[in-house]
Amino acid sequence: TSAQIGVTGLAVMGRNLARNFARNGYTVAVHNRTASRMKALVEEFGHEGGFIGAETAEEFVAALERPRRLVIMVKAGEPTDAVIQEFAPLLEPGDMIIDGGNAHFADTRRRERELRERGIHFVGTGISGGEEGALHGPSIMPGGSVESYASLGPMLEKISAKAKDGAPCVTHCGPDGAGHFVKMVHNGIEYADMQLIGEAYQLLRDVAGYSPAEIAEIFRTWNTGRLDSYLIEITAEVLSHVDAATGKPFVDVVVDQAEQKGTGRWTVQIALDLGVPVSGIAEAVFARSLSGHAKLREASQGLAGPTAVPLGKEEAAAFADRVEQALYASKIVSYTQGFHEIAAGSEEYGWDIDLGAVASIWRGGCIIRAAFLDRIRAAYDARADLPSLLSDETFAREIAAAQDDWREVLIAATRQGVPTPGFAAALAYYDALRATRLPAALTQGQRDFFGAHTYRRVDREGTFHTLWGGDRSEVSA
Ligand code: NBP
């Protein structure tokens, strides 16, 4: 017998992905640099389905039916290149290498180009959902050739998460690096979502005066409404958890320094290159890095500012409702910014990414799965060339209804000295987009003054420069 698919790299992700394929009836060849991991997998889970354990690269490749489908699940970066170099010489034209790691899309583009020259399809694939997702059904974002998707698509659809309407959470995002790009922005949006939830928590705690257990209940209630999502659900779980050793709320015994692995940072770096304002995602990345600057924070403990005075009971409940509005409005803005980045990447690299399909495959399996994504899909289905999610009538109407509360929450936060960079960046983005005039006109004037960078006028075609150092007359530039 031969295997329909092979997985090399059998740490948590690869092992669970291999089991997922096997549980869905596929025969899976399994391989790992250190063979003991492979043996442990076959020993422990061999009963779950058809596994073919391979100790060497040659055995592994020989076990695969042709054209071969070979999934790499190793640590992203150099290990991925090392594995490609090991296997590519053993493959034949038409074979497929699927990289399911968290690769940078630029690396994926390079690898795809190099392998294409040898006739091998390289399918950079974003996989979200952590180890549980890998086992029970992740959200899958493959790039690569249309041809490779014709062969792989049905298998990926089988092992993927399914949305509530039964649709598989996988779509061919576009050629070469499109899948990893979409996964990168997914993670950026995840950062923003988490930051906004964190700010909502802090406001409910410091301004409203609720305990973590009470806030958990509030999040549980929110989770039955339009904020229904995995992240809100787990937030309630984390907040209601009590530390066994001290009896204190778990959230109070954890060091408040957030870590990151880099995909959020990439989202912002690439957005800067593409000229896309993802201020909400950027604030989320910066908020994590600020939290980690322990010495800087220590040195700043004496700085002046108000001490938050918690509200009374009735006011607190009303305030919590306002925070829900602010959170929802800010969330719409984060997704608006994230989808703008995907649209810009798609344009820059000629990927032709279907934004509605992306929203659709994030509805299940992944960390940002949420009822809300149905609405985003509907917005793009109604109008594929939607200039921005904020141009969608439904979202615009919801923000219109939320904006007074959104502003009130930020006023309260500012007055009480509670940092809310995510909420504030989202509102600033919204107000800047709405503005009929921006101070960018002044910026242009300054640039023309110090650098003769020229400007355009509102009333005439052309480019102009004012002779600032002379008689200040205007000349055509
Ligand atoms: P790790 O990222 O911890 O990688 C461990 C695996 O890489 C092991 O199988 C290891 O083999 C192999 N490996 C390394 Br390290 N260097 C190698 C080399 N030079 N040649 C061959 N193999 C090498 O595993 P993971 O947490 O399962 O993640 C796998 C991929 O999935 C990563 O790219 C990750 O970013 C991505 N991802 C992870 C998650 C998650 O929740 N963990 C979610 C989504 C995506 P060994 O056993 O011989 O050391």
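For this structure, a couple of remarks:
- The listed residue being in a loop (DSSP other than H, G, I, E, B), over 30 Å from Val123 (Cα atoms), open to solvent by 60 Å² or more (accessible area, probe 1.4 Å) and not hydroxyl-bearing (Ser, Thr, Tyr), out of Ala245, Ala208: Ala245
- Restricting attention to segment 124-162, the residues being part of a strand (DSSP E or B) and among the hydroxyl-bearing types (Ser, Thr, Tyr) number 3.
- For the condition surrounded by 23 or more Cβ atoms within 10 Å (Cβ to Cβ) and within 11 Å of the ligand (Cβ to nearest atom), Val28 does not qualify.
- Taking segment 98-133 as the range and being more than 15 Å from the chain's Cα centre (by Cα) and near the ligand (Cβ under 7 Å from one of its atoms) as the test, the residues that pass are Gly100, Glu131.
- Residue that is farthest from the ligand (Cβ to nearest atom), among those in segment 65-78 that are free of Cβ contacts under 8 Å to residues at least 40 places away in the same chain and open to solvent by less than 60 Å² (accessible area, probe 1.4 Å): Gly77
- Applying the set (1) of a type in the set (Asp, Glu); (2) over 21 Å from Ser334 (Cα atoms); (3) open to solvent by less than 70 Å² (accessible area, probe 1.4 Å) to Asp431 leaves exactly one unmet item: (2).
- Members of segment 450-476 found to be open to solvent by less than 90 Å² (accessible area, probe 1.4 Å) and either among the charged types (D, E, K, R) or touching a residue at least 40 places away in the same chain (Cβ under 8 Å) (or both), listed by number: Arg457, Glu474
- Only one of the numbered conditions (1) under 33 Å from the mean Cα position of the chain (by Cα); (2) among the aliphatic types (A, V, I, L, M); (3) within 13 Å of the ligand (Cβ to nearest atom); (4) over 19 Å from Glu132 (Cα atoms) is not met by Ala18, and that is (4).
- Screening Ala370, Ala326, Ala359 for residues that are surrounded by 22 or more Cβ atoms within 10 Å (Cβ to Cβ), free of Cβ contacts under 8 Å to residues at least 40 places away in the same chain and of a type outside the set (Val, Ile, Thr) leaves exactly one candidate, Ala359.
- The condition of being touching a residue at least 60 places away in the same chain (Cβ under 8 Å), touching a His at 6+ places or on another chain (Cβ under 9 Å) and more than 9 Å from the ligand (Cβ to nearest atom) does not hold for Ala57.
The values are calculated or read from the model by the stated rules, or taken from the named source; none is laboratory data. The structure presented is a predicted model; accordingly, all values stated were derived computationally and were not measured. Cβ coordinates were reconstructed from backbone atoms using ideal geometry, including for glycine residues, and neighbour counts include every protein chain displayed. Each accessible area value is taken on the protein alone, full model and side chains, heavy atoms only, with ligands, DNA and RNA left out. Shrake-Rupley method; radii C 1.70, N 1.55, O 1.52, S 1.80 Å.
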